[in-house]
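Here the structure is laid out as C-alpha cells; the discussion comes afterwards.
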Amino acid sequence: MRVLSRGFYERDAAVVARELLGKVLVRRINSRVLSGRIVEVEAYYGRDDPASRAYSGRPKFCVRLMYGRPGLTLIYMVHGNWLLNFVAHEENGAGAVLVRAIEPLEGVEYMKRNRGTNDVFSLTSGPGKLTKALVITKELNGVDITREESSLTVVEGKKEKFRVLSSHRIGVKRDLEQELRFFIEGNKFVSK
C-alpha cells in the first residue's frame, strides 16, 4: 500500500484529520508489523488554540514541532500516557492531528500482550491505549511518517464508504467553537 505523501499533511489540520479516517497506521518493530485503521482523530492548531500543545506556556519542543515540517510525529505524555500526533498545517501555519483510536488489523495478539487485555474493542480505543498497544513512545518523536522505511507510517486503506461525525474535542478545559474531533459513525473501536 502507498505511504501518504508529505503533501497530504501540508493542509489545514482539520482537513487532514478528517481525511485520515479510514487510512491505516502501520508500526514496524523489527520484522513485526502492527497496523490499524484510523477511526477517530482530533485537530489542533497553534498559539490561538487554548487546547493546543502550542498554546502559550507549553513545552517548547511541542511548539517547535507544531510549527515545523508537516508529516512528522509529535509525541508527548499526558497523565502517564504517550499520545501520537502528526504535524499537519498549511504553509507558515501550525497544527497537528491527534490519533485517538484505531481498529486493529495486523498484530492483534502482540497488541493484546502489550496492553495486557484480551478485549479487542478496548485494545486501541483511546490515544493512550493505542500507543501502548503499538509500543509508541517518545523515541518516535519527530519520525518522518512520509518515508517508506520509517518504523511508523500511514498508508491508504481500502476504499470504504462511511459517515464522518464530529464533536468537540475530548478532555480539554477550553475548546474552540469549531468541532475538531472526527470519527467514523458506528465504529466499535471509537473511544467512549
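We did not get these values from a lab; they are worked out from the coordinates using the rules stated. As the structure is a prediction and not an experimental result, all values here were calculated from the model. Methodologically, a virtual Cβ is constructed for each residue, glycine included, from the backbone with ideal geometry; neighbour enumeration extends over all protein chains shown.
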Lysine pairs meeting the criterion (Cα under 14 Å, 8 or more apart or interchain), as found in the chain: 6
message: Rounded to the nearest 20 debye, what is the charge dipole size of the chain about its Cα centre when +1 sits on each Lys and Arg Cβ and -1 on each Asp and Glu Cβ?
response: 520 debye
Vicinal HN-Hα couplings computed from phi for segment 184-192 (Karplus, 6.51 cos²θ - 1.76 cosθ + 1.60; Hz; Gly/Pro x): 7, 4, x, 6, 6, 9, 5, 5, 8
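What is the order of Glu10, Glu148, fewest Cβ neighbours within 10 Å to most?
On the way: Glu10 17, Glu148 8.
Ordered by Cβ neighbours within 10 Å, fewest first: Glu148, Glu10.
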message: Only counting other Cβ atoms within 10 Å, I'd like Ile29, Ile136 sorted with the fewest neighbours first.
response: Ile29, Ile136
message: On the principal axes of its Cα set, how long, how wide and how thick is the chain? Give whole Å, largest value first.
response: 41, 35, 33
- prompt: With each pseudo-label sitting 7 Å past Cα toward Cβ, what's the Arg147-Glu179 distance in nm, one decimal?
  reply: 3.9 nm
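What are the trypsin sites (Lys or Arg not before Pro) within segment 60-111 that DSSP puts in a loop, where the Cβ has at most 15 other Cβ atoms within 10 Å?
Details: sites: Lys60, Arg64, Arg100; in loops: none.
Here no trypsin sites (Lys or Arg not before Pro) fit, given the DSSP loop and packing criteria.
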statement: Check: C-alpha center segment 88-118 vs C-alpha center segment 123-147, spacing in Å is 5 Å
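Can you give the helix-only mean residue ellipticity at 222 nm for the chain, where every DSSP H stretch with n ≥ 4 adds -39500 (n - 2.57) and the sum goes over all residues, rounded to the nearest 500 deg cm²/dmol? Don't skip to the answer; put the middle values down first.
Details: 5 runs with 34 residues, N = 192.
After summing the helix terms and dividing by the residues of the chain, the value is -4500 deg cm²/dmol.
Arrange Thr117, Thr73 by Cβ neighbour counts within 10 Å, fewest through most, would you?
Numbers: Thr117 15, Thr73 21.
Fewest to most other Cβ atoms nearby, the residues stand as Thr117, Thr73.
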Placed amide H near Leu74: partners under 5 Å, 5+ positions off or other chain: Asn85, Phe86, Val87, Gly142
